Amino acid sequence: MVLSEAWSDRFEEGLNPFVERFNASIEFDIYLLQEDIDGSIAHARMLGACGVISSEDAARLEVGLETIRTEAASGQFQPGVEDEDIHFAIEHRLIDLLGPLGKKLHTGRSRNDQVGTDMRLWLRRRIDEIDKDLERLQKALLTMSEKHSNTLIPGYTHLQRAQPLCLAHHLLAYVEMLGRDRERLLDVRARVNISPLGSAALAGTSVLIDRRHTAETLGFSRIYANSLDAVSDRDFAIEFMAASSLIMVHLSRLAEEIILWASEEFSFVSLTDRCATGSSLMPQKKNPDVPELVRGKTGRVFGHLQALLTMMKGLPLAYNKDLQEDKEALFDAVNTTKSSLQAMSILIEEGLEFCPDRLTSAVESDFSNATDVADYLVAKGVPFREAYQIVGRVVKTSLAKGILLRDLTLEQWQEIHSAFADDIYQKIAPRHVVAAKVSEGGTGFERVQEQLQYWRKLLGASKE
Ligand code: ARG
């Protein structure tokens, strides 16, 4: 069957070949093959159950559709541009296989509700996969956190040394972000999982169909209440892209940190051979290509979100061909998000090794314990703002002498303020500084243990 046969007899001429290609979506909506077959089987069964076609015909349609699935798996089903899109391609093949019976499948249905159904089924599956990808990365980060529940790392604000942290606490911040990503996806999933099928072209249909029957077969939780909304709504895709843009933001931030940490200047981590690449010119180099690519790919997903918002903003009700543009954007957003999550999981699982010596010497060689000197004075009854000024003088004195706080003699401390006693040395040791952050959600080791336990329980991950 050729394209022109899909149109009614009012057409006398075939399409301009360029227009035919321009109009076609088969090159990319072939992605929806499984879902299109699933949707058609549900539709055929419903037509049978409602007596619109005989149950024998419904069963034969189902066999025909399964045959096409098998043909596709073996590479035998190769639709071309003359089929225009996946919906026509499958219908054409069904008619080839079943003859006139194949022509009954499209009763009470339009490609408009069909494509919306396919997209939702496809995205629902991908959301479930992405949830698993997110969980894998959370587990990898949790395992790394368990390993480093006693390791210290400098904490930064403005990328200036701020206060020392427990490394597990730093890593668990990403586990939290990914946890919110999973919550968001679950929320989006609820609005992906609504059936537009049976809304037909825009107005519903006079054929006595049962929309709830197909919705139930396909596992949708409910049906769209308004047929116009059903065939023209792409909110679900936009919401998904917003959620995946945030996933990419989180991955990109982690990627950026890893890239910094792997630099000679930081040297907090080394990259294993399995996940780093070399330079074609400079033999000494080991490049963090994986996190750089993840960081670089974020723009694609943000761009697809923009593209979809722009595509929608001027559309009158109901279906418009503009909507065909949703597909490549959505497919690429999904693929990019999935592959970035997988790459990042592999990097965390086997691509990074922290350098504890470097981390220890980093936290011991700065003034990131200055706030704790102020807290020390506060504990001795000095008002915080006053203590803050005093510590400013302490830091200034140390800088002038070219030494760290721990190298000041007790006399030097006491010259600045009489409240200083010799317990000050223990109080400003980085390990003590970290341990002292006992507020809920803080970096104190005990608080971090609580967070580790929480995530271990939630993710069902075993303690290393
Ligand atoms: N290929 C089309 C799309 O992706 C399918 C729906 C076409 N409907 C129509 N009335 N032309 O949006």
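Observations, loosely collected:
- Computed on the chain, with alpha-carbon pairs under 8 angstrom and 6+ residues apart, the relative contact order is 16 percent.
- Value of [θ]222 nm, deg cm²/dmol, for the chain, DSSP H segments ≥ 4, -39500 (n - 2.57) each, nearest 500: -19500 deg cm²/dmol
- Size of electric dipole in the chain: Cβ of Lys, Arg +1 and of Asp, Glu -1, about Cα centre, debye, nearest 20: 1280 debye
- Quarter of the Cα convex hull surface for the stretch 69-225, i.e. its orientation-mean projected area (nm²): 15.2 nm²
- Counted residue by residue at 0.36 nm each, then reduced by the alpha carbon distance between them, the extension gain from Gln306 to Asp235 reaches 24.3 nm.
- Dipole orientation for the chain: of the candidates Thr277, Val378, Ile30, Val378 has the Cα lying most toward the positive pole (charges on Cβ; Lys, Arg +1; Asp, Glu -1).
- Under conditions of 20 °C and 1.002 mPa s, the stretch 140-273 yields 115 µm² s⁻¹ as its translational diffusion coefficient, taking Rh as the Kirkwood radius over Cα pairs in the Stokes-Einstein equation.
- Test item: Cα-centred dipole of the stretch 341-458, Lys/Arg +1 and Asp/Glu -1 on Cβ, debye: 300 debye
- The charge dipole of the stretch 244-334, taken about the Cα centre with unit charges on the Cβ atoms of Lys, Arg (+1) and Asp, Glu (-1), comes to about 120 debye, rounded to the nearest 20.
- 0 to 90° range, to nearest 10: angle between helix 235-261 axis and the chain longest Cα axis: 30 degrees
- Leading residue at positive end of dipole, the chain (Cβ point charges), from Pro164, Ala421, Gly48: Ala421
- Note on the stretch 168-212 and the stretch 397-464: Cα centroid distance 45 Å, given to the nearest whole angstrom.
- Degrees, to the nearest 10: 55-73 long Cα axis against longest axis of the chain: 50 degrees
- Positive-end ranking of Thr217, Ala173, Gly99 along the dipole of the chain, with charges on Cβ about the Cα centre, is headed by Ala173.
- On Cα atoms only, tilt of 384-401 relative to the major axis of the chain in degrees: 70 degrees
- q = 0.09, 0.10, 0.15, 0.21 Å⁻¹, the stretch 7-149: log10 I(q)/I(0) [Debye, one scatterer per Cα]: -0.39, -0.45, -0.82, -1.32
- Residues Ser40, Ser252, sorted so that the one with the fewest Cβ neighbours within 10 Å comes first: Ser252, Ser40
- Burial order of peptide ranges 410-419, 360-369, 20-29 (average beta-carbon count within 10 Å, highest first): 360-369, 20-29, 410-419
- The ranking of Met144, Met282, Met119 from fewest to most other beta carbons within 10 Å of each one's beta carbon is Met282, Met144, Met119.
- Across the stretch 208-238, the residues whose backbone nitrogen lies under 19 Å from the label position 7 Å along the beta-carbon direction of Asp187 are 234-238.
- Put simply, when 99-110, 269-280 are sorted by average Cβ atoms within 10 angstrom per residue, most first, you get 99-110, 269-280.
- Distance from the C-alpha centroid of the stretch 30-47 to that of the stretch 86-165: 19 Å, rounded to the whole angstrom.
- Residues Glu265, Glu350 arranged by fewest to most Cβ contacts within 10 Å: Glu265, Glu350
- In this simple spin-label approximation, Leu399 and Arg180 carry label points 7 Å from Cα along the Cα→Cβ vector, and these lie 3.4 nm apart.
- Pairs of Cα atoms farther than 41 Å apart, the chain, %: 40 percent
No value in this document is a laboratory result; all are computed from the given coordinates. No experiment lies behind these values; they were computed from the predicted model shown. Positions of Cβ are backbone-derived with ideal geometry, glycine not excepted, and every protein chain shown enters the neighbour counts.
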